Amino acid sequence: MEFVPYSPVVLYPPLQLPSMVPHYLDEATGWGLEISELKKQLETAKSNGVCARALVVINPGNPTGQVLAEDNCGVLQE
């Protein structure tokens, strides 16, 4: 009798890992968020087949402690 090792990996379908859409803050603007730049990054990702379904905002930001402007927060909520 041949022993076949049990492997749980075989039992599950391959996981689809999320794609990251990078956005870089501008030091010259006090590490502020440029909404137009964020929209451009999202459009580029969409044209590459990436469907953004979540946005993670770290506020205040690390390591600078910069807090997003109130108008930036309002636009992100839309």
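The values are calculated or read from the model by the stated rules, or taken from the named source; none is laboratory data. This structure is a prediction, so every number in the text was calculated from the model and none was measured. Note that each Cβ is placed from the backbone with ideal geometry, even for glycine, and that neighbours are counted across all protein chains shown.
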Kindly evaluate VAL56 against the criterion of being among the β-branched types (Val, Ile, Thr) and surrounded by 13 or more Cβ atoms within 10 Å (Cβ to Cβ). no
Under the condition of being under 18 Å from GLU78 (Cα atoms), assigned to a loop (DSSP other than H, G, I, E, B) and without any contact (Cβ under 8 Å) to a residue 24 or more places away in the chain, which residue from the stretch 24-53 is nearest to the chain's Cα centre (by Cα)? ARG53
Has the stretch 3-20 got at least one residue that is touching a strand residue (DSSP E or B) at 6+ places or on another chain (Cβ under 7 Å) and either modelled with pLDDT under 85 or surrounded by 10 or more Cβ atoms within 10 Å (Cβ to Cβ) (or both)? no
